[in-house]
Amino acid sequence: MENTLIKIGGMSCQGCVKNISGVLTALSGVASAEVSLEAAEARVAFDPQAVTREALLGAIEDAGFDAE
Ligand code: 9UX
């Protein structure tokens, strides 16, 4: 399992937090995702054999946010 911190732009309410949490945890290979509106970031635990960090960023961007 690998842990990564992703900076997220564009979150403006707790609904956004829920949406991004849902998008991330729906990806196979993601074990957990803690999204913080205040910190504008997500801490994600994932299996690098199953999903890449790039795929996490892509899923967040597809949901309409900036991710890096
Ligand atoms: Mo809040 Mo976010 O009203 O995608 S859900 S702005």
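Where a number appears in this text, it was derived from the coordinates with a stated rule and is not lab data. Treat the numbers as computed from the prediction; the structure is a model and nothing was measured. Every residue, glycine as well, gets a Cβ built from its backbone with ideal geometry; the counts of neighbours run over all protein chains shown.
Computed quantities for the displayed model
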quantity: Assigned charges on the beta-carbon of Lys, Arg, Asp, Glu; the chain dipole about Cα centre (debye); calculated: 160
quantity: MRE, 222 nm, helices only [DSSP H, n ≥ 4, -39500 (n - 2.57), over the chain, to nearest 500]; calculated: -10500 deg cm²/dmol
quantity: Per-selection Kirkwood Rh - the chain (Cα, Å, 1 d.p.); calculated: 11.5
